[in-house]
Amino acid sequence: MASKIIDPAGPGGSGTPAEDGVPTSAPSGEPRAAGPDAAVPDAAGRDADRAPGQDTGRAVVREADGGGRTARDPFLDNAKFLLIVLVVIGHTWPMGLVEGSRTVKAGYLWISSFHMPAFILLSGYFSRGFAGRPEQWGYLPDGVWGRKLVAGVLVPYLVFEVLYTAVEAAAWGKPFRLTLTEPTFVCWFLAALFVWRLTVPLWRVIPWPVPVAALVSLAAGTSSLGQDLALPRVLMFLPWFVLGLALRPAHFAWLRESRVLRWCAPQVLVAGGAVAYAVAPGTDVHWLWMSHGQAELGVGTLPYLLVRLGLFAGTALMTGAFLALVPRRTRWLTGLGAVTLYPYLLHGLLTTAAHAYGWDAPLRPLGPLGAALLTACGAAVAVLLSTAPVRRLARPLIEPPVPGLNRSRRRESPPGTSEPRTA
């Protein structure tokens, strides 16, 4: 496994998002927070890196609004929040419930087929501006909100590794053994985002980056990999991050504006559900976790490669269909999409305790009804953990103060240069 806590419902997230964006103006007048997203397109068409405590992909389109501020793209914020809700829902379903009902397992396979790939794709999209510049490691120029790779990704990873290890020890009665190189539960996404972000400059110079990333992913699945830094997931989910790097605003505009695509999207999602129901009885959910390779899944090389290629195609269709149906305008959920790292990192603490202490045990024998009730609980938890009071309480953990890293500093340009200022 790629995490020390066995995922009760597949990969966290995430993406978050991962958080896996930083709002231009935070909900309720609060300072902007981060999440499993971390970058924003600037006015010149580049991406300005932002950091978690927000999200793994900043859902912001940098446009002049006359006041020197940036205009957020509600479509991307809406997509991030809907994806984080699916992540939380997936983790509320115990595997005993999933494996005990064909309908529930089909729903689980349906969710898992696209929610993390889509979240990771957005993370890649909003990481396009990362070039390893000093300000992208720790600080931002004056007048720009957000935090960077160290303060926004690495530090929250270290904080929540300690928290998740402590909760696991308390809930499951295990010894407290902190292994920072082996991400615990949903923390794998922050470790992966850190590694993926470092590789961004490399993908800019590699010809045909998406096919190359797909080959890396397939090779990883046929190799014996250790669990350090969630390496199986880092490599096997890699094509979706690289695909996000290759996308441009016009691609998302095409998805949300094409009437043909929006008409086809519901049918694709329904067809995906039908396929999930058909294959549910004989399908190992670990295929979708991307933490198990060929050896762990017990299949030959050729069948493994064929299934993975089929998963690439199916996930691409499901992700495109999902994004085509995301609301394009500002809704009540839009502001919550700017702070997805909060529900992403916090919900795992609750689900770990719930599964350990059997709080969800009465619902497990109910099959689809139990899954429906847990789904409602999961959605409510995602909303609750995104609210301003919870963010105020959790901010010292998710956006901990790091002296010298998360304070604003001026970027000094050599005399006579007119380098555009980016985050």
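The values are calculated or read from the model by the stated rules, or taken from the named source; none is laboratory data. Being a predicted model, the structure only gives us computed values, none of them experimental. Quick reminder, even Gly has a Cβ in these numbers, built from the backbone with ideal geometry, and neighbours come from all protein chains shown. These accessible areas exclude ligands, DNA and RNA; they are computed on the full protein's heavy atoms, side chains included. Shrake-Rupley method; radii C 1.70, N 1.55, O 1.52, S 1.80 Å.
Rounding to the nearest 20 debye, state how big the charge dipole of the range 163-304 is about its Cα centre with +1 on each Lys and Arg Cβ and -1 on each Asp and Glu Cβ.
Here the size comes out at about 520 debye.
Once phi is turned into θ = phi - 60°, what whole-Hz ³J(HN,Hα) does the Karplus curve with 6.51, -1.76 and 1.60 give for every residue of the range 176-183, x standing for Gly and Pro?
Couplings: 6, 10, 8, 10, 5, 7, 10, x Hz.
Rank-order 183-193, 109-119, 358-368 by packing density, defined as the average count of other C-beta atoms within 10 Å over each peptide's residues, highest first.
183-193, 109-119, 358-368
Any idea what the dipole of the range 326-399 comes to, in debye rounded to 20, about its Cα centre with Lys/Arg Cβ at +1 and Asp/Glu Cβ at -1?
That gives a dipole near 340 debye.
Based on the alpha-carbon gyration tensor of the range 256-385 and its eigenvalue square roots a ≥ b ≥ c, which shape applies: rounded if a/c is under 1.5, prolate if not and a/b is larger than b/c, or oblate?
oblate
Return the FRET efficiency for the residue pair Ala313, Tyr357: r is the Cβ-Cβ distance, R0 is 60 Å, and the value is rounded to the nearest 0.05.
For Ala313 and Tyr357, the calculated efficiency is 0.90.
Residue by residue, what Karplus-based ³J(HN,Hα) values in Hz, rounded to whole numbers, does the range 352-365 have, using 6.51, -1.76 and 1.60 with θ = phi - 60° and x for Gly and Pro?
4, 5, 4, 5, 5, 8, x, 5, 9, 4, x, 8, 4, x
Could you run the Karplus curve 6.51 cos²θ - 1.76 cosθ + 1.60 with θ = phi - 60° over the range 156-168 and give me ³J(HN,Hα) per residue in whole Hz, x for Gly and Pro?
Values, residue by residue: x, 4, 5, 4, 7, 4, 5, 5, 5, 5, 5, 5, 4 Hz.
Carbon and sulfur: what percent of the range 298-397's accessible surface (1.4 Å probe)?
Using a 1.4 Å probe with all protein chains present, the range 298-397 comes out at 77 percent carbon and sulfur.
Whenever you get a sec, compute what percent of the accessible area on the range 69-115 sits on carbon and sulfur atoms (1.4 Å probe).
C and S fraction of accessible area: 63 percent.
Rolling a 1.4 Å sphere over the protein heavy atoms, what is the accessible area per residue of the range 157-198, to the nearest Å²? Please report the intermediate quantities before stating the final value.
Numbers: 1610 Å² over 42 residues.
Roughly 38 Å² per residue, with all protein chains present.
Can you tell me the FRET efficiency between Phe176 and Leu397 if r is taken as the Cβ-Cβ distance and R0 is 22 Å, rounded to the nearest 0.05? Spell out each step's value before the answer.
Details: r = 18 Å, r/R0 = 0.82.
Efficiency, from the Cβ-Cβ distance: 0.75.
Between Leu215 and Leu202, what length comes free when the chain is fully extended (0.36 nm per residue of separation minus the Cα-Cα distance, one decimal in nm)?
Length difference between fully extended and current span is 3.1 nm.
Over the range 262-348, average the accessible area per residue using a 1.4 Å probe and give it in Å², no decimals.
On the way: 3830 Å² over 87 residues.
Each residue of the range 262-348 exposes 44 Å² on average to a 1.4 Å probe.
Rounding to the nearest 20 debye, state how big the charge dipole of the range 166-247 is about its Cα centre with +1 on each Lys and Arg Cβ and -1 on each Asp and Glu Cβ.
The dipole of the range 166-247 has a size of about 100 debye.
So what does Glu257 come to for accessible area, using a 1.4 Å probe and Å² rounded to 10?
Accessible area of Glu257: about 120 Å².
Just the C-alpha atoms of the range 185-262: what Rg/Rh do they give, with Rh taken as the Kirkwood radius?
1.06
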